[in-house]
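These notes are about the structure you will find just below.
The values are calculated or read from the model by the stated rules, or taken from the named source; none is laboratory data. Predicted model, so just to flag it, every value in this text is computed and none were measured. Backbone-built Cβ (ideal geometry, glycine too); neighbour counts: all protein chains shown. All accessible areas refer to the heavy atoms of the entire protein, side chains included, with ligands and DNA or RNA removed. Shrake-Rupley method; radii C 1.70, N 1.55, O 1.52, S 1.80 Å.
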Amino acid sequence: LLALSALIGGAPARAADLPQYDVPEVDYGLGGGFYLRGSAAGNLLWTRQHIGTCGCDEPVTGAGYGYSLGVGFGYEFGNGLRVDSTYDYLANDGLTDGTNTLHLRAGVALANAYYDFSLGGSGGAAGGGFGGYVGGGIGAAYYTTHTTPVDATLPDGSGWSPAIAAQTGLTYDTGTFVADLGYRLLYLPQISNNYAGGTSYYLNDNFVHEIRGTLRYRLQ
């Protein structure tokens with residue numbers, strides 16, 4: 001009994017002398033999360049075909065130029081896949097047939113999907129450092145048209161158009177924020193003044209080329 005008591009009494013002291021080890025946390029990979037985004041871009045508008053009020057194919061002698069501002073809300077899955085919805089205000093001026101110049105204003109709403117990837121093992125894809133992405137979107141645009149000089153035969157108009165986007169770019173990921181410099185090609189099948197009281201003009205196969213700067217903020 002005396003020997004057993006001595007053994008039990010000395011156990012806490014011997015346990016205190018044993019080396020202590022910290023068990024490392026298991027890394028199960030990056031989780032998903034929501035984010036907010038804001039964008040600003042410069043753009044060029046080019047149209048493949050201009051059908052004038054005469055109903056004939058008329059030449060386009062210059063591209064339009066302008067800008068867009070956008071906001072969005074999205075979710076990244078943590079495995080490179082990312083989705084968001086965006087709304088952009090687009091302004092463009094300067095598209096001309098040599099006589100009349102188009103002034104276009106549009107609101108563009110898109111649902112987008114992307115794949116993020118790292119560059120040179122430096123991170124990216126929600127892992128920090130430099131990365132890149134490719135993506136696409138589909139949605140709709142509501143636009144208004146105005147021409148100068150003011151011509152009674154070319155009244156102001158408005159309309160809806162489907163919108164399709166293809167996107168690519170480079171990113172730098174700081175963890176909370178992601179900076180993005182990218183290119184977006186926005187396709188609008190048709191723009192028209194849709195003049196109900198008389199003849200209308202049509203711009204078919206419209207391509208808006210944009211260089212965009214975007215900042216994403218991850219919601220914690």
Q | Condition check for Ala140: in a strand (DSSP E or B), touching a residue at least 24 places away in the same chain (Cβ under 8 Å), over 30 Å from Leu95 (Cα atoms) and aliphatic (A, V, I, L, M) | A | no
Q: Just give me the residues in region 143-170 being open to solvent by 40 Å² or more (accessible area, probe 1.4 Å) and assigned to a strand (DSSP E or B), in sequence order.
A: Thr144, His146, Thr148, Ser158, Trp160, Pro162, Ile164, Ala166, Thr168, Leu170
Q. How many residues are over 20 Å from Gly137 (Cα atoms), open to solvent by less than 60 Å² (accessible area, probe 1.4 Å) and not polar (S, T, N, Q) when one looks only at region 180-205?
A. 3
**Q.** Flag for Leu119 being touching a residue at least 12 places away in the same chain (Cβ under 8 Å), open to solvent by 10 Å² or more (accessible area, probe 1.4 Å) and not polar (S, T, N, Q)
**A.** yes
